[in-house]
Amino acid sequence: MDSSSSCAQSPALPAIKQIRRMLCMETEELMGHVDDFSEFVKELNDYSWRLNKKESFFLDCVLRFQKGLVADASFISTVEDVEYCHKEVVDVVFNQTELVKETMCVHEEILALCFNEEEKVNGRIEVLQKELKPLLKRKIALQDEIHNDVTKLVARRHSLVRHQDKQKKLGEDLHQIMANSEAAKKCKHALEDMHHEAVEAAK
């Protein structure tokens, strides 16, 4: 630029100061103030016919920069937003993947325990099956014995019925025998009496 006295006399000085102030920002920050920057550049450009050589060169530089900001700031911002969103999605997917891996590890451990328990159960089943074989044989033998005993019991029940019938008949016969026995006793007493009388008469 020219000397401070010439700058002070320039009507474009306020716009130049504002542009200089904004140029102190970081590029990324400045991309968020494109409209303000463009307004100051437009104001400076309105004085282009009154600028000296150094100011004109400064105007050319900021015009190129302003056009670049206008043309690319939105694109850059969009790309960065997409990149940020993509990174967020990648992080989420990564975390979900790690969680799934951890869950799979837990399930694999549980599955291993289940397989181990299944082997123990299978071993126990084999032992029980070996123990079961003689028990099944014993059961069959017991069933045969039970069948034979039931057959014998039924036969004895039939025999009991026959004996009970005989007892009933014998009871009936006994009643008649008792009656006959009583009559026989009376006859015997009578004979004894007659025998005694005959003996007495023979004396």
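The values are calculated or read from the model by the stated rules, or taken from the named source; none is laboratory data. Please read these numbers as outputs of a predicted model, since none were measured by experiment. Heads up, the Cβs are rebuilt from the backbone with ideal geometry, glycines too, and the neighbour counts pull from every protein chain shown.
List pairs: first residue in region 37-65 and modelled with pLDDT under 90 and assigned to a helix (DSSP H, G or I), second residue surrounded by fewer than 16 Cβ atoms within 10 Å (Cβ to Cβ) and of a type in the set (G, A, S) anywhere in the structure, Cβ distance under 9 angstrom, at least six positions apart or on different chains. Correct list of pairs: S48/S56; E55/S48. Consider region 11-48 and keep the residues that are surrounded by 13 or more Cβ atoms within 10 Å (Cβ to Cβ) and of a type in the set (S, T, N, Q). The one that is farthest from Q66 (Cα to Cα) is S48. Could you tell me whether any residue of region 70-80 is small (G, A, S) and at pLDDT 90 or above? No.
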